[in-house]
Amino acid sequence: MTETIQIGGRAITYELIRKKVKNINLHVKADGRIIISASNRVSKKYIEDFILRKADWIEKSLERFENREPDSNHEFEPGEGSIIKLLGMQYQLHITASTENYIELTDTDIRIHTKYPKDQKKIGSLWDKWYKEFIKGVFYQVVNAVHPKFLSYKIPMPDIKIRKMKARWGSCAVYDSRITLNTALIHAPLVCIEYVAAHELTHFIHPNHSTRFYAMLGSIMPDYKERKKLLERQGIYY
């Protein structure tokens, strides 16, 4: 059974397992799932009071998993002929000697123009700077495009935070008027990023995953289910 509770402006979904145990057991998994096991004698209110008492520990555990760096083998290292997926499309990297350092994105390629074509460290630094700015530009553009759909609900334009997250595509802090988007979203098609932005903005009205939450999301984005399925096929947890 899946339930949702509000903790500090953040909607926390947990899985409740009823079984014969003496105490309430709480586990936060590496993929972001929160598992609660309790006997049938324990009321839902008592369980949620227990979760609230453990809120700080839960938050720290989630943040620890979300901020954990991926294995180094999965880090992208730009090099001649490397392939990277951006916005659902594959691009091949080409490194060109140049009198200036800059990166050019074409329809099919990403061209790294550099004064140091043999210096992997400097190429990596140039790439990291460009990549971060590219992600920031795309995410801000998406949120600015989706936000007007929520104006009738008087939702303010949120602050946008971008970071690596191990288990979720995004999160929101209602009281801080902030949404956080996973950097890995940059690999997904634009319509998927729009879906996550709409999903998080809907939480400003319904900080849970209730029927009313999905009804509102459906009124804002009628094809959200198709977008969500496409996102799930990208190979990263939401």
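The values are calculated or read from the model by the stated rules, or taken from the named source; none is laboratory data. In this text the structure is predicted, and so the values were computed from the model without any measurement. Backbone-built Cβ (ideal geometry, glycine too); neighbour counts: all protein chains shown.
Among the residues of region 105-131, write down those that are surrounded by 13 or more Cβ atoms within 10 Å (Cβ to Cβ), assigned to a helix (DSSP H, G or I) and basic (Lys, Arg). Within region 105-131, Lys122 is the sole residue that qualifies. Residues that are surrounded by 21 or more Cβ atoms within 10 Å (Cβ to Cβ) and among the aliphatic types (A, V, I, L, M) were ranked within region 202-230; the one that is nearest to Thr13 (Cα to Cα) is Leu217.
Based on what the data block shows, is Val191 in contact (Cβ under 8 Å) with a residue 40 or more places away in the chain, farther than 30 Å from Thr114 by Cβ and of a type in the set (A, V, I, L, M, F, W, C)? Judged against the criteria, Val191 is not a match.
Of all residue pairs spaced 6 or more apart or on separate chains, those with beta-carbon atoms under 6 Å, a first member in region 223-238 that is within 15 Å of Met165 (Cβ to Cβ) and a second member that is part of a helix (DSSP H, G or I) and modelled with pLDDT of 90 or more are Leu231/Cys192; Ile236/Ala184. Scanning region 152-201 for residues that are surrounded by fewer than 15 Cβ atoms within 10 Å (Cβ to Cβ) and among the acidic types (Asp, Glu), we see that the one that is modelled with the lowest pLDDT is Asp176. Taking the criterion of being in contact with a strand residue (DSSP E or B) (Cβ under 9 Å, 6 or more places away or on another chain) and at pLDDT below 60, the only residue of region 63-88 that qualifies is Asn67. The number of residues in region 30-60 being touching a residue at least 40 places away in the same chain (Cβ under 8 Å) and among the charged types (D, E, K, R) comes to 5.
Residues of region 206-238 that are within 16 Å of Ser171 (Cβ to Cβ) and not in a helix (DSSP H, G or I): His206, Pro207, Asn208, His209, Ile236, Tyr237, Tyr238. For region 124-156, residues that are farther than 28 Å from Glu232 by Cβ and touching a residue at least 12 places away in the same chain (Cβ under 8 Å) total 5.
Contact annotation: residue pairs with Cβ atoms under 7 Å, 6 or more positions apart or on different chains, pairing a residue in region 174-187 that is without any contact (Cβ under 8 Å) to a residue 40 or more places away in the chain with a partner that is among the small types (Gly, Ala, Ser), are Ile179/Gly170; Thr180/Gly170; Thr180/Ser171. The residues listed here are Tyr140, Tyr102, Tyr116; of these, the one that is modelled with pLDDT under 95 and of a type in the set (Phe, Trp, Tyr) is Tyr116.
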